[in-house]
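**Q** Attaching a single structure in structure tokens format; questions to follow.
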Amino acid sequence: MSVAARRKRKATEISELSEQAIACRETGHWWRRDRVEWLKKNPKGRNVAEERVLVCDRCGAERVQTFEISPILNRFVPISSPRVRYPEGYLLKGRRLSRAELMYYLYQQQQKSRQILRQVGRAA
Ligand SMILES: [Zn+2]
């Protein structure tokens with residue numbers, strides 16, 4: 001498999017996910033505002049719509065969403081659903097992974113580690 005093909009490959013097992021992806025999937029992303037771009041001006045030349053890009057400082061995911069100022073509500077309202085671009089090692093191929101399933105996987109890993117430590121302790 002070429003390097004490029006391997007880079008694009010999604011994980012097929014939870015164990016293949018990156019450490020950062022597992023941490024973000026378990027406890028949520030560390031979003032930081034990366035950039036804001038104004039998209040539209042009103043007839044008076046004032047900015048009225050923006051694209052907001054958030055980046056996760058842990059896994060590198062990017063969340064893009066557009067907002068418009070509502071003169072009626074006096075606030076920003078979303079005008080698009082958020083789009084998220086996930087980094088390599090974040091997504092599982094062909095299926096979703098719930099937080100509950102991930103938590104159970106981590107629990108099982110912890111149990112295995114404890115068992116190994118007990119075995120090592122007995123051997124020593
Ligand atoms: Zn993240």
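Nothing in this text is a laboratory measurement; each read-out follows from the coordinates by a stated rule. Just so it is clear, the model here is predicted, and its values are computed rather than measured. Cβ: placed from backbone, ideal geometry, glycine included. Neighbour counts: every protein chain shown.
**Q** Is there a residue in region 87-94 that is more than 12 Å from the chain's Cα centre (by Cα) and part of a strand (DSSP E or B)?
**A** Yes, some residue in region 87-94 is more than 12 Å from the chain's Cα centre (by Cα) and part of a strand (DSSP E or B).
**Q** Of all residues being within 16 Å of the ligand (Cβ to nearest atom) and without any contact (Cβ under 8 Å) to a residue 24 or more places away in the chain in region 68-101, which is nearest to Leu17 (Cα to Cα)? Just the residue, please.
**A** Start the filter on region 68-101 by keeping residues that are within 16 Å of the ligand (Cβ to nearest atom), which leaves 82-92, 97, 99.
If we keep only those that are without any contact (Cβ under 8 Å) to a residue 24 or more places away in the chain as well, we get 82-84.
Values: Pro82: 23, Arg83: 21, Val84: 17 Å.
Here the answer is Val84.
**Q** Right, another one. Between a residue in region 45-66 that is touching a residue at least 24 places away in the same chain (Cβ under 8 Å) and more than 20 Å from Gln20 (Cβ to Cβ) and any residue that is part of a strand (DSSP E or B) and among the hydroxyl-bearing types (Ser, Thr, Tyr), which pairs come within a Cβ distance under 8 Å, given they are 6 or more apart or on different chains?
**A** Close Cβ pairs (under 8 Å, with a partner that is part of a strand (DSSP E or B) and among the hydroxyl-bearing types (Ser, Thr, Tyr)) amount to Ala49/Thr66; Glu50/Thr66.
Per-residue answers, yes or no, for (1) of a type in the set (A, V, I, L, M); (2) out of contact with any Ser or Thr (no Cβ under 9 Å at 6 or more places or on another chain); (3) surrounded by 11 or more Cβ atoms within 10 Å (Cβ to Cβ):
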residue	(1), (2), (3)
Glu37	no, yes, yes
Arg46	no, yes, no
Cys56	no, yes, yes
Gly60	no, yes, yes
Arg63	no, yes, yes
Leu73	yes, yes, no
Ile79	yes, no, yes
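Yes/no per residue for (1) over 23 Å from the mean Cα position of the chain (by Cα); (2) part of a strand (DSSP E or B):
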| site | (1), (2) |
| --- | --- |
| Gly45 | yes, no |
| Ala49 | yes, yes |
| Val64 | no, yes |
| Glu68 | yes, yes |
| Ile72 | yes, no |
| Val77 | no, yes |
| Leu97 | no, no |
| Leu106 | no, no |
| Gln109 | no, no |
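**Q** Show the residue pairs that are 6+ apart or on different chains and have beta-carbon atoms under 7 Å apart, the first residue being within region 18-41 and part of a strand (DSSP E or B), the second being surrounded by 14 or more Cβ atoms within 10 Å (Cβ to Cβ) and among the hydroxyl-bearing types (Ser, Thr, Tyr).
**A** These pairs meet every condition: Leu39/Thr66.
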